[in-house]
Each structure stands twice: as C-alpha cells, then as structure tokens.
Amino acid sequence: MAPDIRVLYDEATIAERIDALAEEIKGAGRPDLLVIAVLKGSFVFAADLIRAMHHAGLAPEIEFIHLSSYGAGTTSSGEVKILRDVDNDVTGRNVLLVDDILESGRTLAFAKDLMRSRGASTVEVVALLDKPENRVADIHADYRGFECPDKFVIGYGMDMGHAWRQLPYIGYVVQEDEED
Ligand code: IMP
Ligand code: MG
C-alpha cells in the first residue's frame, strides 16, 4: 500500500526560498565561490540553488563529494566516510558546502573540517533544512532554507530506504497512529 505522504513544503514555496537564499549568498560578497554538493541527498537542491545563484548574478564552480555516516541499523554511529571525493584542489578557495539536512551535524562538521584542513580560505554551509533538536556536533548553517520539524522527511532529493527522491516537494510519511 502506498504510504500517506503529507506535504511540508510545496514546489512554489521551495523555489521562492531558494531564490532568497541565493540573494543572501550573493549579499555575503564572497568572490569565486566553489560550491560543493554533499551527495546524495543534496543533488536536487544544489541543482536549483546554482541556477538561482546564476539569476542572482553569481557564477560558482561546482564540485561533488559523497559522504556517508554509517552504523548499525538506522542510527548514525558518528563516523563519516568519504565514498567519493572532490576532483579538484580547494586550497585558497571560498567553499560553500550544500546539503539537504543539517541534523546531528556530523556530516557537515566532517566536511567543513576536511575542507579547512585542505587549505580552503573560507568554508560556509547552506542547508535546505535545519533540524536543530538533534544536533550533536558544534556546527550551524550559515544559510538555511527552513527550520524543519523533527520528522523524517522525503522528496526533493531526500530518501527513505532509497525511495521517494523524485518527489518535487518535501513531505513526510504520516504514521498510522499519528493525529492529523
Ligand atoms: P547529520 O547532520 O550528520 O545527522 O546528517 C544529516 C544527513 O542525514 C542528511 O544530509 C540526510 O542525508 C540524512 N537525513 C537526516 N534526516 C533525514 C530525513 O528526515 N530524511 C532523509 N534523510 C535524512
Ligand atoms: Mg545528506
């Protein structure tokens, strides 16, 4: 049976917020940005964000890093591993890390430390969703799309068991025992 998916942020709301984020990023005035999208979850957000950045008058370079926090079951062990690294040197660059969700913060704290240790001039973070309740690492988003309720969300690149990334909106699965 198909799950009961409730929409949290629809397409128009996401698009409007991303345009505003691009203007905020432009307003910070950092030249020659190197956008690094953290795969897999950020790929849809990153694709829309870089085009909004273009409309805001920016011309970022784009790189990808695939990170995974792994552990037993569904909870993160806190270890992060690099499944695929960036292709080019980040030394002296103004890096903008792009991710879908900032939750425990372990993934982005790892990525930030990595880029700093490699000699990036500045490392900033843009997260589409911020779930501050579950933060473990000492990290914040320099730019954030939405503060997200503490629910497991899907769509717009984000998955549940490898499914639902294709949804054009962000939603969550309503549990059977959950009130409307
Ligand atoms: P953390 O900040 O290291 O805990 O990792 C956050 C990452 O876990 C995000 O980038 C997502 O890939 C994934 N994640 C966390 N919460 C959710 C969710 O509600 N739905 C889908 N993926 C999630
Ligand atoms: Mg992610």
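Points to keep in mind about this one:
- Any hit, the range 21-31, residues being within 18 Å of the chain's Cα centre (by Cα), open to solvent by less than 40 Å² (accessible area, probe 1.4 Å) and without any contact (Cβ under 8 Å) to a residue 60 or more places away in the chain: yes
- For the residues Ala47, Ala2, the requirement of being part of a loop (DSSP other than H, G, I, E, B) and without any contact (Cβ under 8 Å) to a residue 12 or more places away in the chain singles out Ala2.
- Count - residues of the range 138-161 that are within 14 Å of ligand 2 (Cβ to nearest atom), within 17 Å of Phe45 (Cα to Cα) and in a loop (DSSP other than H, G, I, E, B): 5
- Scanning the range 98-132 for residues that are of a type in the set (Asp, Glu) and out of contact with any Ser or Thr (no Cβ under 7 Å at 6 or more places or on another chain) gives Glu103, Asp113, Glu124, Asp130.
- Members of the range 140-162 that are touching a helix residue (DSSP H, G or I) at 6+ places or on another chain (Cβ under 7 Å) and within 11 Å of ligand 1 (Cβ to nearest atom): Asp150, Tyr156, Gly157
- Index of the failed condition, Ile14 passing every other in (1) over 28 Å from Lys151 (Cβ atoms); (2) surrounded by 15 or more Cβ atoms within 10 Å (Cβ to Cβ); (3) more than 14 Å from ligand 1 (Cβ to nearest atom): (1)
- Candidate set: the range 64-87, residues that are at pLDDT 95 or above and farther than 21 Å from Asp48 by Cβ; chosen: the one most open to solvent (accessible area, probe 1.4 Å): Asp87
- Checked across the range 30-37, the condition of being modelled with pLDDT of 95 or more and of a type in the set (Gly, Ala, Ser) holds for at least one residue.
- Checked against the criterion of being in contact with a Ser or Thr (Cβ under 7 Å, 6 or more places away or on another chain), within 11 Å of ligand 1 (Cβ to nearest atom), over 23 Å from Asp89 (Cα atoms) and open to solvent by 30 Å² or more (accessible area, probe 1.4 Å), the candidates Arg135, Arg165 yield just one match: Arg135.
- Screening Thr122 with (1) touching a residue at least 24 places away in the same chain (Cβ under 8 Å); (2) within 16 Å of ligand 2 (Cβ to nearest atom) gives one miss only, at (2).
- Taken together, the residues in the range 124-140 that are within 19 Å of Ser69 (Cβ to Cβ) and over 10 Å from the mean Cα position of the chain (by Cα) amount to 10.
- Output for the range 74-128, where each listed residue is in a loop (DSSP other than H, G, I, E, B) and within 15 Å of ligand 1 (Cβ to nearest atom): Thr74, Thr75, Ser76, Ser77, Gly78, Glu103, Ser104, Gly105
- Candidate set: the range 168-180, residues that are open to solvent by 20 Å² or more (accessible area, probe 1.4 Å) and not in a loop (DSSP other than H, G, I, E, B); chosen: the one nearest to Leu21 (Cα to Cα): Tyr172
The values are calculated or read from the model by the stated rules, or taken from the named source; none is laboratory data. Because the structure is predicted, anything quoted here is derived from the model rather than measured. Backbone-built Cβ (ideal geometry, glycine too); neighbour counts: all protein chains shown. SASA here: full protein model, heavy atoms, side chains in, ligands and nucleic acids out. Shrake-Rupley method; radii C 1.70, N 1.55, O 1.52, S 1.80 Å.
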